[in-house]
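S.K.: Have a look at this one.
The values are calculated or read from the model by the stated rules, or taken from the named source; none is laboratory data. On a predicted model such as this, the values are computed, not experimentally measured, just so you know. Ideal geometry is used to build each Cβ from the backbone, glycine not excepted, and the neighbour counts take in all protein chains shown. Note: accessible area is taken over every heavy atom of the protein model, side chains too, but ligands, DNA and RNA are not part of it. Shrake-Rupley method; radii C 1.70, N 1.55, O 1.52, S 1.80 Å.
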Amino acid sequence: MKYVLVTGGVVSGLGKGVTASSIGVVLKACGLRVTTIKIDPYLNTDAGTMSPFEHGEVFVLDDGGEVDLDLGNYERFLDIKLTRDNNITTGKIYQAVINKERRGDYLGKTVQVVPHITDEIQDWIERVAMVPVDGKEGPPDVCVIELGGTIGDIESMPFIEALGQFSYRVGPGNFCLVHVSLVPVLNVVGEQKTKPTQHSVRGLRGLGLAPDILACRSTEPLEEHVKVKLSQFCHVPISNIVNLHDVTNIWHIPLLLRDQKAHEAILKVLELQYDGKVPREPELAKWTKRATKFDKLKTPVKIAMVGKYTGLSDSYLSVIKALLHASVAMERKLVVEWVPSCDLEDSSAKETPEAHKKAWKLLKGADGVLVPGGFGDRGVQGKILAAKYARENNVPYLGICLGMQIAVIEFARSVMKLRGANSTEFDPATTSPCVIFMPEGSKTQMGATMRLGSRRTYFHVNGCKSAKLYGNASSVDERHRHRYEVNPDMVPDFERAGLQFVGKDESGKRMGIIELPSHKFFIGAQFHPEFKSRPGKPSPLFLGLIAAASGQLEPLLQRSNLTTKACPISKIPKLKLYPTGPVNPLNSLVNGLYSDQLRRLRFSKP
C-alpha cells in the first residue's frame, strides 16, 4: 500500500480537498486503484450536528455516515463509494481509545497521546486504506490522505505526530507528502511572494515532516525565478514544485497536475513509475473534453436556489455540483440565483422592502426553482411561497427533502384548502399534520438519530416523469437524511386532490417522490439525489430540472425505453414500518434494526 498525504499551510481554504481529489484522479488515470481518507481535527464525532455556516454542507454516505464535504469531492472526482470510516475525527479517535481503556485493553498502562492516540490514528489509516471503494475486489493501490486545517493548529498536533511516525512505519518508497501553500501577490509591490510558503515548510519540518512536493496556489502562473527561490529555501526540486493557479473551473486542476508532470513526481517518490516496463501516463481524454465543454457553454439556464443558508454557497455544495453536472450534460451554462427564503415572506416587505423586492425579482426571472433540504422554521414561509409560485405558474420545480415537504404543505393549504396544514416540526399543535416526526427517531439525541444513508424507493406509477428519468427502473437507491416524513394517513386525500406519490418505500407507507402530473415539471424527493451525482453521470432528477428549465424535457424523456414497466405493487416486498419503535443512537451511527432489515433485503436474492 502506498500513501499520499496532502497538508496545507499559511491559510485555510486553499483547496486542499480539490487538490487531493485531483491527485486521486491523475493516479487513477495512470491505472492505479485509489482510495481516500479525510482527517478532521475537530472534537465532534462527525459532521452531523454542525451548522452549515460552521463547516459547509454535511455530506451523507451510503452507510449513513455524516461526513465532511471534502468526501463529496472525493466521491465525485473519483466515482467511488466511501464509508464513514474514511472520515477520521479527533472525536472518533479519542472515543475509540477511551473504549479500549474501559475494556482494559491497555493492561493497566497510563493512556497518553503518545503512543496510544498516535497508534490508534495509524492503525485506523492502515485498516481503512485496505478497504476497496471502487466496487472491485482486493485492496486499492494508493490511499490519498488529506489533513484538514493548517500546519501549526493546536488540534492537529496529535495527527502530525502520528503521520510523522507513520511515514517511518511504512518506510521509504511508500509515503509521499504534498504540501499545499499560498504564493500571494501584494498589490503595493506587484510581485509573487515566497516567504509565507518558506515559513510554512519550515514549520512543517519542525514538526517532523518534510514535503516531497509543493503545490503552490496563486492567482496567476508562477514565474520561473519564484520556483527557483522556493526550491532553494524549501529544499524541494524544481520538478517537484507544482503551480495550481486560478482556473475557469475545478475540472482543470487534474489537467494542471498532468501538464506539470505532477504524476511523474508522485509516482517516482512512491516507486510506481512503471507498469511492467511501460511508464505510467494518465489517460484523461474524457476529463479534458468535459472541462473544455464547460468553458464553451454560452446559453444560460437560471435556477433560483431558495434557502436560508444562501450566504454561504458551501452549505449547498453538492446541490450546486449536481446542477452543474446536469447543465453541462444539457449544454447549458448554469446561473444560480441565490434567493434567501426569508426575503420572500410578507413580513420582509415591511422590514426590508428592497431585499423583498430583489428576492421576488430573482425568483420570477428564473427558469426553474429548487428548494433544497434544511432544518428549522426560519424562512419556511418563504419556501412555501416559492413552491406556490412555481406550481401556479408552471415553472419547473424540484424540492429536495424539506423542499418536498414544503411542496406537500403548500398543496394542502392552497389546493385542499387546509389553512392550518403544516409540519409538526414547525407547529406541533397543527390540526392538519401533513408532515410528522418519524417514530424511530429521537428527540433527545441529535447526532446520528435520523433516517440516514442509502434506502430503496419503489416506483408505484407507470410512466411518471421520475421513473422515465431513472431509465424506467422499478426502484432506485438514494441517500436519505431526515427526521420528518409525509403523514401516510393523509396520502389518500392528497392523491384524490391530484398530487401523486409516485415513489414509496417497501412498506408502501413512506413517501419518497411526489409529482404533479398536470405540471411541466413539479417533483419532490424525500431523499438527496445530489449526493450520488457525478461529472459524467448527472443525477436524473437534476437532469430533469435543467432539461425542463431549458425546454429540453420531452426529448430527454423520449430517450427512455417507454415499454419498460415499473415493478407491480403486489411484488414489492413488505416490511413492518416500525419494527422496533423508537431507537437509541448507536455507535454505528445507523438507525438500529430497521436499517439492518433494509440491508438484508437489499442484498438478499430475489
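S.K.: Please list, in chain and number order, the residues 5+ apart from ILE37 or on another chain whose amide H is under 5 Å from its amide H, with Hs placed from the backbone.
M.R.: VAL144, ILE145, GLU146
S.K.: Checking the table LYS28/LYS193; LYS357/LYS468; LYS321/LYS465 against a 29 Å threshold on Cα-Cα, which pairs fail?
M.R.: The pairs that break the limit, which is 29 Å between Cα atoms, are LYS28/LYS193; LYS357/LYS468.
S.K.: So how much slack lies between HIS245 and THR49, counting 0.36 nm per residue of separation and subtracting their Cα-Cα distance, in nm?
M.R.: 67.1 nm
S.K.: I need the peptides 494-503, 361-370 ranked by packing, meaning the mean over residues of other C-beta atoms within 10 angstrom, with the highest value on top.
M.R.: Highest to lowest by the protection proxy: 361-370, 494-503.
S.K.: Under a point spin-label approximation (7 Å from Cα along Cα-to-Cβ), what is the VAL111-ASP123 distance to one decimal in nm?
M.R.: 1.2
S.K.: Also, quick follow-up: Taking the Cα centre as origin and putting +1 on Lys and Arg beta-carbons and -1 on Asp and Glu beta-carbons, what dipole magnitude results for region 110-267, to the nearest 20 debye? Numbers along the way, then the final one.
M.R.: Working: 12 positive and 19 negative charges, 105 e Å.
Charge dipole, region 110-267, about its Cα centre: 500 debye, nearest 20.
S.K.: Still on this structure, I have one more. Take the cross-link list LYS100/LYS509; LYS38/LYS195; LYS364/LYS537 and give me the ones stretching past 32 Å between alpha-carbons.
M.R.: LYS100/LYS509
S.K.: Let me ask something else about it. Please compute, for the alpha-carbon atoms of region 297-562, the extent along each of the three principal axes and give them in descending order in Å.
M.R.: 49, 48, 37
S.K.: Counting only heavy atoms of protein chains, what accessible area per residue, in Å², does the chain have with a probe of 1.4 Å?
M.R.: 42
S.K.: Work out, step by step, the length gained on full extension between ASN99 and ASP377: first 0.36 nm times the residue separation, then minus their alpha carbon distance; give nm to one decimal.
M.R.: 96.3 nm
S.K.: Also, quick follow-up: How large is ³J(HN,Hα) for each residue in region 306-321, as worked out from phi by the Karplus curve 6.51 cos²θ - 1.76 cosθ + 1.60 (θ = phi - 60°), to whole Hz, x for Gly and Pro?
M.R.: Whole-Hz 3J(HN,Hα) from phi for region 306-321: 9, x, 9, 10, 5, x, 9, 4, 5, 5, 10, 4, 5, 5, 4, 5.
S.K.: Taking R0 as 41 Å, what FRET efficiency do you get between VAL11 and LYS537 from their Cβ-Cβ distance, rounded to the nearest 0.05?
M.R.: So, using R0 = 41 Å, E works out to roughly 0.75.
S.K.: While we're on this one: Provide the net charge surrounding HIS263, with neighbours chosen by a C-beta distance below 14 Å and charges set as Lys +1, Arg +1, Asp -1, Glu -1.
M.R.: Cβ neighbours under 14 Å give a net charge of -2.
S.K.: In addition: Quick one: pull the percentage of alpha-carbon pairs in region 249-318 with a separation above 18 Å.
M.R.: 62
S.K.: Got a number for carbon plus sulfur as a percent of the chain's accessible area, 1.4 Å probe?
M.R.: Looking at the chain in its full context, I get 53 percent from C and S.
S.K.: Here is a further query. Can you give the net charge of the other residues whose Cβ lies under 13 Å from the Cβ of LEU186, counting K and R as +1 and D and E as -1?
M.R.: With Lys, Arg at +1 and Asp, Glu at -1, the net is +1.
S.K.: Just to confirm a number: summing +1 for Lys and Arg and -1 for Asp and Glu over residues other than ASP40 whose beta-carbon lies under 11 angstrom from that of ASP40, what do you get? Display every interim value, and only then the final one.
M.R.: On the way: positive: LYS38, LYS92; negative: ASP46, ASP68, ASP70, GLU146, GLU155.
Neighbour charge sum, excluding ASP40 itself: -3.
S.K.: Before rounding to the nearest 500, sum -39500 (n - 2.57) across all DSSP H runs of length at least 4 in the chain and divide by the residue total; then give [θ] at 222 nm in deg cm²/dmol. Could you put the intermediate results ahead of the total?
M.R.: Working: 21 runs with 214 residues, N = 606.
For the chain, the value works out to -10500 deg cm²/dmol.
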